[in-house]
Amino acid sequence: MGFQAGQVFINFPVKDLQASVEFFTAVGFEFDPNYTDENATCMIINDKTYAMLLTREFFSTFSSKAITDTSSHTEVITAISAVSREQVDELVKKALAAGGKPYNDPSDMGFMYTWSFQDIDGHLWEIMYMDENAQQ
């Protein structure tokens, strides 16, 4: 078997750390206070996956490349699985109500249901439910 990661930390540059924390709290995520200060916070996606929200200035200390302008470019689409179609809808609706923007309309492929939004920094998030019993 190939490499198996223990934990995954995805790093996102954000314009306003406190506003991002408020946004993702409204969506339903929690944060690890042990990895939170004025430069960064650790958003818990699950027990092995985390989104590190870093101020743009702090993020710049990790890379000499320019930070992507998310108003015109896509850097990555972060896809997260939900436990049901209803949870997909609930999470995206919360994101939109908290100030996120719509991205893709809901898509039902029978075995998989997805809906996407942009967070307040323009990062793309795809929430999906996959019915393993309906897969071909």
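Every number in this text was worked out from the coordinates using simple rules, so none of it is lab data. Predicted model only: the values in this text are computed from it and were never measured. Note that each Cβ is placed from the backbone with ideal geometry, even for glycine, and that neighbours are counted across all protein chains shown.
Close amide H contacts of I10 (hydrogens built in the peptide plane, cut-off under 5 Å, sequence separation of 5 or more or a different chain): Y50, A51, M52. Dipole magnitude for segment 8-134: computed about the Cα centre from +1 point charges on Lys and Arg Cβ and -1 point charges on Asp and Glu Cβ, it is near 240 debye. Labels on offer are (i) 15.6, 48; (ii) 16.6, 52; (iii) 16.0, 53, and the one holding Rg and Dmax of the Cα atoms in Å computed from this structure is (i).
Compute a Gaussian network model of the chain, connecting alpha carbons closer than 10 Å, and tell me which residue from K65, K101, K15 fluctuates the most. For the chain, modelled as a Gaussian network with Cα springs under 10 Å, the answer is K65.
Relative contact order for the chain: 22 percent, from Cα pairs under 8 Å spaced at least 6 residues apart, divided by residue count. Counting lysine pairs in the chain whose alpha carbons fall under 23 angstrom apart, excluding pairs fewer than 8 residues apart on the same chain, gives 5.
Where Lys and Arg each count +1 and Asp and Glu each count -1, what net charge lies around L17 among other residues with Cβ under 12 Å from its Cβ?
-4
Rounded to the nearest 10 degrees, the inclination of helix 17-27 to the longest alpha-carbon principal axis of the chain is 20 degrees. Within the shell defined by Cβ-Cβ distances under 15 Å, the residues around A26 carry a net charge of -3, with Lys and Arg each +1 and Asp and Glu each -1. To the nearest ten degrees, helix 85-97 and the longest principal axis of the Cα atoms of the chain are 40 degrees apart.
Looking at segment 1-45, the GluC sites (Glu not before Pro) that sit in a DSSP loop and have at most 10 other Cβ atoms within 10 Å of their own Cβ are E38.
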